[in-house]
Each structure stands twice: as C-alpha cells, then as structure tokens.
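Worksheet: the structure to be examined is printed underneath.
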Amino acid sequence: MSSPFRRQGVGECSPVLEKRPLLASAAGASMPDIIKARNALAEAQLDCGPWKCHNDEQALIDHANAQARAVEIDAAQLGPEKALALALHRVKAHQVNPPMGFTHSGMLARVTCPYWWRRRLRRLTNRRLEQRQRLLGRTHKKAGIYISDEGYRRHTDQATKNARLLEGLVAINQDGDEYTLSELAELGLANPKNRYTELMVRISGLEHWGVKQGLTSSMWTITLHSAKHPMRHNGSPNPKYDGATPREGQACLQKQWSKTRAAWDRAGLRVYGLRIVEPHHDGTPHWHILVWMRPEDEAQVTAIMRRYALEHCPEEVAHNTSIRFKSVRIDPSKGSATGYVVKYVCKNVNGEQHTRKNVDGDDLDLYGEPLATSVPRVEAWSRCWGIRQFQFFGEPTIAVWRQLRSTDEERLADWEAATRPEPEAAAILHDARKVAIAGDYYKYLCLMGGPMQPRDAAPIRPWRVVRQTTDIANCDRITGEWTSDTLGHYGEPMASTWGLVVNSQVGQAEYLTRYYRWTIERKGEANAVDFKRVTETATPLNLVGVGVDSQRVGEAAAPRIFITKCTDGDAVTPLDEWEQQVTGSFGEHDRHLRSERQRRIRNIQQQAKIDARQYRAMSAKRRIEHEERERLRATIEEGRALVIGWLARGELSPADIPPGVFA
C-alpha cells in the first residue's frame, strides 16, 4: 500500500503531515502496515535537502561554514538583492525557517553568518532525530519517558559543553570586577532554585490579590485529541496518529487558546493566571491552567474554554469530556491555589521542593517515575522542542519587578542627584522598589494597578533605549554609512532595557538601573600570568607550574607560582641564550595581553561615560518640564488661596465660581 503520509517542504516542523485521521480511516490498514509507514516516515526525517541529519557535530559545523561562504560569494558576484533571493531559497531548501522581519541588510548578514547556520541546523537536527525516535516507538513510559534516551544523551552532552564554556569565559566590567559566566548564571533564573522561588512568589501574590478582590479560582487540564499522540497510554502504537511533532501539538493548543481569549474579550470577561505545559509519556504536550475570575463569570468563562478545547474530534469524548478537558474549582476550605499548583511547578523545575517525608509517592510523577530522574528529562524535552513551560497571563510585566530588585540604593541616590526626577514619580519608584526588595508581590500588584489591566496604564514601564557609541568602525555593511547607534552582530541598532520609566499625575521620570558595562574574555586572557616575574624567580629547570588564583572573585586574580625547593646548595644555572629568547617571548606575549585587557577596560569606561551623558541629556528636558509644572502648580495654588479668601470675606459667592475649579 502507498504511504499514508505526505511530504511538507518548508519549515522546521515535521515534513510529513496530514491534517485528518489517516491510518484509522485507511481501508484495510493493519498494525504491520502502520508500523511500516512509520518506519518509512522515520527515515524521511533525516533528509533535509542538502543536509542529512546525524550526530556528527564537526560535519554540521563544516556544512554551516560552507553555506555561509556560498552566500558571501553570491553577494560579491551578484549583488545584495539577487544574493538574498538565492540565499532565502537555500535556507528553504534546508527546511529551515528563513529570517523574517528584518531589513534586507540584516537578513543578508544573518545568512552569511556561519553561526546563524550552525544554530539553525543544530536545532533542526535535534528535533528531526528526536521525532524519528518517536516514530520508531522509542519515546514512552516503557522506553524513554518524555524524551528518547538518545535525545536525553544529546541534551546532557550539550549541557556539559555549555557548562565547560561558561567556566572558561570571564565577564569584566568598567570597575575591573571579574566573574566567570557560570558564576553569573547561578545568580539568575538559570538556577532552578531561583526560578522556583520567583514562580511561587508570583503565584502567591496573584492568589492574595484574588482573595482580596473576592475572585474564584479553577484549575483546568487540556489534552490534545488522539491524532496528536504517537503512543497509547499502555505504550503501544496509536493507529490514529497523524505524524505531528510536539511543536505542532503545542501550536494546536495555542490556536485554541487564542480563540478562547478572543471570545472572552468579546464577552467582556476578564481573567488572569498561569499556564503550565507538561509532556505526556510519549512527548505530546498538555496544559494545566490556573485561572482567577469573578464568581459570576465562572460558568461562562469555563464554558467558552471547554468549547474550544473540545473543538477537534468532539466525538472522541462524547461519553466523557473530562478525558480532554477537566475543570477543578479550588475550594479555599480544603487548600489554597498555590498549594494545589505547587507540585506541577516542582516537577517541571527540579522536583526537590515538593518531596515530603512520610508521604507515599510524593517523590514520584504521574507515571510512577522518581522526580529526581524525570524532571531532567522534562527539561530536556522542553529545550529540544522549544516549548515554554510557564507562562503568566493578565498580570503586569515581570521585567519591572526584576529591574526594581536589581537596583542599588547608593547608585539610585546618585542618579536622582544628577537628574532631579519629578518628586511624585520618585516616590512611586521608591515604594515599588521597597516592596520588590521585600519580595511582596501582592503589594507590587497593587502599586502597578493590579492584574487584568492594560500594560500601558501601569505607572512603571521598562525604559528601552539604543546605546550610543563613537566607534569609527560602526558603519552599515551595505551602504557604508556611519551611525552613532550601537550596532549588533548583524549591523542593526540594538535597543535594550537599561532602566525604568515612571509616570505620575504630573510628569514622567527615567531611572537607569543597569550600571555596568561588560566585556567577555576567555579565562586565559583575563587572568594572564606575569611571566617576567616568573623568570626572575625561577628557571625552567626548577619551575613546576604556574597557576591563577581562581578563588578571588570580584577582582583581578593575582599570579601564583609553585616552585620546588632544592635540598642542595648548588648555585642556580643562569639562562642560556635560547632560554632567554623563549622566556622573553612569553613576557612580550603577556605584556600584550595585559595592555589589550587594559585597553578594553578603558573602552568600557569611556562607553559608560557616553551612556551617562546621553541619559542625563535625555532627562534635561524632563527636568525643565517639571520645573515649569511646579511654577504652574504654585500659580494655581496661589489663585485658589485668593478665591478662598474672597469667599470667606463675602466678596464672592459660590455661584460665581465656575464648576470644576476646586475639583
């Protein structure tokens, strides 16, 4: 029989899909025929046009370099326009999504970059190899749960490489402070403990707001229809499977979610909450949604969600809709919403916080697997398919919360002394910073206007600016025009968040919250050893080793020398001519590294001064406007006092005062 799958030419998703139940409707299709078709589809996963997916990393790097070089040659011979058209055709031939939403020069800069090709091909290869394992029946609870064993090994190998790379790179700021990137990563949300803490603080604050507002909360579980599942619950192949990848399953859920939110908006229903994405044992995603709403809207909100969740193949659940949509109302008398959702959070982060003693099965997931081993596989599944595990909706932007928590009180005072912000705006920022530092997310919500509000109405927003530079090499690759905007790797202006914008009733103020400018160096370059000092105190004969004190964090590490103490009293043999040349060359190399590092630090300091001047200039206009508003306010208050005096003396009656004067 002919294969029931068809090829799909473009994109990083599965190349073979039919958007209808295929094998179940095929007349005479038996399980051996289905398995045979799956095997053929599995082998087709490896074919991506000119690129054949495999685990050879060096071959992938060579292929990426060749593609970038070919586009560069086309650009030199044919010009940018024709070269870009040919490059986009080349990208699509590899079944990779082309760069869209950029300028022509930005798109061309990307397709001529070997690293751009390398990232896209690596992502494509990982997903195709994993989808092949799913089609071959190697991803389920009786084999590799959530992700195949091969895919999990690829993930752990890449994580090991990444950790080694972060250990070998050092970040240096304008003050000369040094940290390895691994140390900095541990301070952020890459650390599972920090990620878990922030998630639970946010959920607890949202619940506190719901209780104060008298809202009701529910927990929904949404599962895809059977055509998106490659395996049955018992681990046998599903004959209804249409070849969809987890990303395509996630896209299907997102489409139904967007329909639901549009229907809520049309009906004037306001909700907020948290969405958690988890994999089934075969890697197919399903959603848990914790949602808060007004009690009078609960029935209508739930009905709309149920309608769109069951829109595909409703006949499958005609007898029991809870198979694909389950709604549980949170009863405050039995427990809190935060307590209900905590295990869903734990088993998607690291699984440590929820494991309680003397509770049977508390350290196991839904399929009876220990959380200590299943959570890393869930993380590997999420990263392989690019699926976001946690997504809040209806709340104020979290970027402001994180910026407030990172502000330094001393530098904040210096900034206010230099820019003189509007007093009411300054008071708003200090109140918000105080609750953010204390970790009180409920009070932060109160200051930001609460959930279910337009983000433009929030009193504090991220301040996004394009950094300025005086670098003479800062020019467009195509036109050759120089610009003062800092350009990124692909020759485009870099707009990023550098602070916060605070709005009050009388004005606006900007606050700089990112004070440091960082440069990244390899560890050997940042901690260059003083070879001149070494050669003055030891010879190549008694020098055992030279090292760097890696325990000193925050300052340039001093060289440390290990010298073997000799028991005899023989005089040290002086260096001969060849040894003098060798050690001299090391000394010259070291002086070059030190001077290069000093030059980089000077450049960072110069850039920091340029940024400070720019931000102060931008605030000068705000300061003038604030002073003008203060003079106007003083004039209005003086007029009010005069009118009140006339009223008190009877020289003026209330009927003579226009409406709104004393509002």
*With respect to L290, is the statement that it is closer than 30 Å to M448 by Cβ, out of contact with any helix residue (DSSP H, G or I) (no Cβ under 7 Å at 6 or more places or on another chain) and in contact (Cβ under 8 Å) with a residue 24 or more places away in the chain true?*
no
*In the range 608-663, which residue that is among the polar types (S, T, N, Q) and modelled with pLDDT under 75 is nearest to the chain's Cα centre (by Cα)?*
Q614
*Within the range 105-128, which residues are under 18 Å from Q58 (Cβ atoms) and open to solvent by 10 Å² or more (accessible area, probe 1.4 Å)?*
P114, Y115, R118, R119, R120, R122, R123, N126
*Look at T139 and say whether it is among the hydroxyl-bearing types (S, T, Y) and open to solvent by less than 40 Å² (accessible area, probe 1.4 Å).*
yes
*asked:* When you check H208 against the structure, is it at pLDDT 95 or above and surrounded by fewer than 19 Cβ atoms within 10 Å (Cβ to Cβ), yes or no?
replied: yes
_Given the criteria surrounded by fewer than 16 Cβ atoms within 10 Å (Cβ to Cβ) and either more than 22 Å from V291 (Cβ to Cβ) or at pLDDT 95 or above (or both), does D440 qualify?_
no
_Selection within the range 380-424 - assigned to a helix (DSSP H, G or I), in contact (Cβ under 8 Å) with a residue 60 or more places away in the chain and open to solvent by 60 Å² or more (accessible area, probe 1.4 Å)_ = R383, R411, E424
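Residue-by-condition table, conditions (1) open to solvent by 10 Å² or more (accessible area, probe 1.4 Å); (2) more than 30 Å from the chain's Cα centre (by Cα):
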residue: S226; (1), (2): yes, yes
residue: N234; (1), (2): yes, yes
residue: N238; (1), (2): yes, yes
residue: E248; (1), (2): yes, no
residue: W257; (1), (2): yes, no
residue: Y272; (1), (2): no, no
residue: D282; (1), (2): no, no
_Top-ranked residue in the range 634-659 [being touching a helix residue (DSSP H, G or I) at 6+ places or on another chain (Cβ under 8 Å) and assigned to a helix (DSSP H, G or I); ranked as most open to solvent (accessible area, probe 1.4 Å)]_ = P654
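The values are calculated or read from the model by the stated rules, or taken from the named source; none is laboratory data. As the structure is a prediction and not an experimental result, all values here were calculated from the model. Note: ideal-geometry Cβ built from the backbone for every residue, glycine included; neighbour counts use all protein chains shown. These accessible areas exclude ligands, DNA and RNA; they are computed on the full protein's heavy atoms, side chains included. Shrake-Rupley method; radii C 1.70, N 1.55, O 1.52, S 1.80 Å.
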